[in-house]
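Have a look at the structure below, then the notes.
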Amino acid sequence: MTDDGVTDAPEAAEQPVGDDDVDSPADSDVFYDALEALGRPVVTATHYAQEQDCSQAEAIDALDDLATEGTVERLDVSDDPVVWYPSDWARMTDRERVVLFSERREIVVDQPTQFTRAQLSQFAHLVDTTGTGAYMYEIRQEDIWQAPYESLDGLLETVRSVLPERDPGLEDWIEAQYTRARRFTLRTHEDGYTVLKAESADLMGNVARQKLTDDELRAPISDTESWVAEERVAEVKRILYEAGYPVRDRRELERGDPLPVDLELQLREYQESWVENFMDTRSGVLVGPPGSGKTVAAMGILAAVEGETLILVPSRELVGQWRDELLRFTTLTPDQIGEYHGGEKTVRPVTIATYRTAGMDRHRQLFDSREWGLIVYDEVHHISAPIYRRSADLQSRHRLGLSSSPIREDDRESDIFTLIGPPIGTDWDALFEAGYVAEPEVEIRYVPWHGEDARNQYVSSEGHERRQLAATNPAKLDEVEVLLLEEPDSQALVFVEYLDQGEAYSAALDVPFISGQMPHHRREKLFEQFRNGDIRTLVVSRVGDEGIDLPSAELAIVASGLGGSRRQGTQRAGRTMRPTGRARMYVLATQGTREEEFARRRMQYLSQKGVQVTERNVDVSPE
């Protein structure tokens, strides 16, 4: 083909249609791309030739070839040129479309692939989803600050893999934010004190020394360095973060009293990467799907630090679970592990404490009772104000957070990252693809009212009563029974919000109901029977939301509790996300109530991480 688009006949005869370097006009994907570019459902040979930058004769040949293979249909229109249109109109609606609104830094994606959603989650924040395949993302400055990339080129490569074309303005902004997150660094001076180093004298003088007081900065060292008060390190990081300058923490942290310990299992490749990244930064939050082995990776970090360790967890069930895992997978002995909670208070080289007990004023000595080298915050979003204040004094220690979703409904995720460290994560989609974690099939089911009387009672109510009526809609129990009958061989967890509802479901389904009111030993016995397969179904309250290890759970049904957090939705899905089998989660919401909106919002974090969330209406015949 010459520069003006005229094809030389002998060369055309030798040139195959399917050139390896250039997409052929006779390719079906090229045809659909042309329709989208032209913004019309039909195309003439003239328009197709213009779009493909080829001659009209080539366009006609290509379209005829597509018609022969059945991809397009040919239609002669009276007094008009011949037009071609898709044989399969559904492909026009199922194709992925990515639209960037550069000035607002928003990305709208229709029918994205799992790969696209996983890539977006690395640098953008999910704002909304329609539930029918459309997603809206926003790129915030904190998304770029916390993006898990060691180089700007790596980050931009991911961005370019998602967007339909490069956007120089957006890339310049990303580069500015990426650079901004590396302008302040904390380091340890050779004499042992902490130094804040700025990229330039201007940043130190006009940002750090303007924002920080003498309480935080003891004295200037140079135009670009200042001596930081050791007890105010957490405050320095928080203040500069809020000013738009996240601080990189590169201090030499204390390892505490030595504690030689070995890990007695082989870490997966991504878990080894977590350990290596943590030992490089010496503080951070492991962010991975439930079932990905964050606890095991934490034990690998404990072995790498080789210092006495304090582990904080949200419940007594997790205390016992941590103890069992440590004894099973490390060389620690029973007399080296202590428990600190309402039932026992023993401090040992490795001590596992509940947030509640550790946060009480009368137990504040726990943090000073030993020279801890590592503090582990399991389910890190549980950090309470008292724990936060005491942790601010532990900035000289290695700090590790664990969470599948370190989001907080009060939008204070920055507190977690400034207090403990930056997120250390992996691509959820890669774990699903490798088979390490079962990708959950998540479906929101909209259930109608169980008769007009129930609906009328809801309409005439308000406030808490109205929410409870929607949550306890009797039609939901019918749907739970249907789901359990559809999968009789699956071990199932049914989540409820209200005690009365849990007891009613327990009686109707003839299965145990576990709540916070049940004695600890009784709860643990039922969980153990579930793990062993002696019990097939459990109805559970919020006590089942956190990191309790129930690897045999295959089916999760959320009957109520949609007023909870996005994190809670991830935790409940996580009860089924294990390396084997199919993981299914059904969320039941009453039609025509705010539960519909709550259900969509609660599943946002899963959607952001590449999990496909679908929706459907169900019919329930009123009694």
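Assorted remarks:
- Neighbourhood net charge (13 Å Cβ-Cβ; Lys/Arg +1, Asp/Glu -1) for G192: -3
- Residues whose placed amide H lies under 5 Å from that of L217, excluding near-sequence neighbours: A229
- Cα gyration tensor category, rounded, prolate or oblate, for region 204-276 with a/c compared to 1.5: prolate
- Environment charge at A219 (Cβ cut-off 14 Å; Lys +1, Arg +1, Asp -1, Glu -1): -4
- Candidates per chymotrypsin sites (Phe, Trp or Tyr not before Pro) in region 175-211, loop by DSSP, up to 14 other Cβ within 10 Å: Y193
- Prolate/oblate/rounded label for region 278-374 (Cα gyration tensor, a/c 1.5): rounded
- Residues whose amide H lies under 5 Å from that of V587, counting only those 5 or more places away or on a different chain, are E443, I444, R445, V558; hydrogens are built 1.01 Å from N in the peptide plane.
- Lysines whose Cα lies under 25 Å from that of K211, excluding same-chain neighbours fewer than 8 positions away: K197, K237
Computed from the coordinates by the stated procedures, all read-outs in this text should not be read as laboratory data. Note that this is a predicted model, so its numbers are computed, not measured. Virtual Cβ from ideal backbone geometry, glycine too; neighbours counted across all protein chains shown.
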